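Here's the structure, in structure tokens; my notes come after.
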Amino acid sequence: MTIVTAELLTVPEVMARLKLGRSKVYDLIRTHRLLSIKVDGARRIPADAVRDFILGQIDEAA
């Protein structure tokens, strides 16, 4: 069994980190560009997924 310890962020926390609006964050989730999970109906985004998204954007820009 693998134990994962990941910081889970709320949508407003991701909005602040990425400097994006709520609709854009949900669009990234809907299009599977940003990984998210649901915990009892609450949407959470692993901090690693935000980091991976940022690194992917940097790679695309290079």
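General observations
- Given +1 at the Cβ of Lys and Arg, -1 at the Cβ of Asp and Glu and no other charges, the dipole of the chain around its Cα centre is 280 debye to the nearest 20.
- Phi-based couplings in Hz for segment 35-43 (Karplus 6.51, -1.76, 1.60; Gly and Pro marked x): 5, 8, 10, 10, 10, 6, x, 9, 6
- Sequence-ordered 3J(HN,Hα) estimates for segment 10-20 from the Karplus curve with 6.51, -1.76 and 1.60 and θ = phi - 60° stand at 7, 4, x, 5, 5, 4, 5, 5, 8, 6, 10 Hz, glycine and proline given as x.
- Kirkwood-type hydrodynamic radius, the chain: 12.2 Å, calculated from all non-identical alpha-carbon pairs.
- 5 angstrom amide H check on Leu9, placed H, neighbours 5+ away: Ile45, Ala47
- Length-normalised contact order of the chain in % [C-alpha pairs under 8 Å, at least 6 apart]: 36 percent
- Length released on extending from Leu55 to Lys38, taking residue separation times 0.36 nm less the Cα-Cα span: 3.8 nm
- Using θ = phi - 60° and Karplus 6.51 cos²θ - 1.76 cosθ + 1.60, couplings along segment 48-58 (whole Hz; Gly, Pro as x): 4, 5, 5, 4, 4, 4, 4, 4, x, 5, 5
Laboratory data are not the source of any read-out in this text; all were calculated from the coordinates shown. All figures in this text were calculated on a predicted structure; none of them were measured in a lab. Positions of Cβ are backbone-derived with ideal geometry, glycine not excepted, and every protein chain shown enters the neighbour counts.
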